[in-house]
Amino acid sequence: MYNTISTTELKQKLQTETLALLDVREAYEFAEGHVPKAQNLPLSELGDTVSSLDPATHYYLICRSGNRSASACEYLSQAGFQVTNIAGGMNDWKGAISQ
């Protein structure tokens, strides 16, 4: 089980909190533009890299539209992680973009 928030809610949270934000798009997509301070952890590599994540950390996951991040949230929540999916993903993101 995982939570879902909108990109508007994410933007508000980022103004007042330090979040562990994971962008699960492929590296080339991430390089084209991402939410500032997001870390790239492609969904295609998640199974191999999950051991690098801290089980005590709440992770927020974003992708292009919210589908891949939902899949990643499902996988991570079943592995015992506390995660939140960003609905709409980068398609809906109205904030600053880093490259």
message = Suppose R0 equals 25 Å. What FRET efficiency, 1/(1 + (r/R0)^6) with r the Cβ-Cβ distance, do residue 52 and residue 97 give to the nearest 0.05?
response = 0.50
query = Which loop-located trypsin sites (Lys or Arg not before Pro) does the stretch 2-50 contain, where loop means any DSSP state but H, G, I, E or B and the Cβ has at most 15 other Cβ atoms within 10 Å?
reply = 37
key: the chain: antiparallel DSSP beta bridges as a percent of all, rounded to 5   = 5
request  = Using amide H atoms built 1.01 Å from N in the peptide plane, name the residues 5+ places from residue 21, or on other chains, whose amide H lies under 5 Å from its own.
outcome  = 39, 60
query = Mind listing which GluC sites (Glu not before Pro) in the stretch 5-99 are in a DSSP loop and have 13 or fewer other Cβ atoms within 10 Å?
reply = 17
Cα-Cα separations in the stretch 3-92 greater than 23 Å, expressed as whole percent = 13
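Here, each number is a calculation from the coordinates, and none is a lab measurement. Please read all numbers here as calculations on a predicted model, not as lab measurements. All Cβ positions, glycine included, derive from the backbone under ideal geometry; neighbour counts span all protein chains shown.
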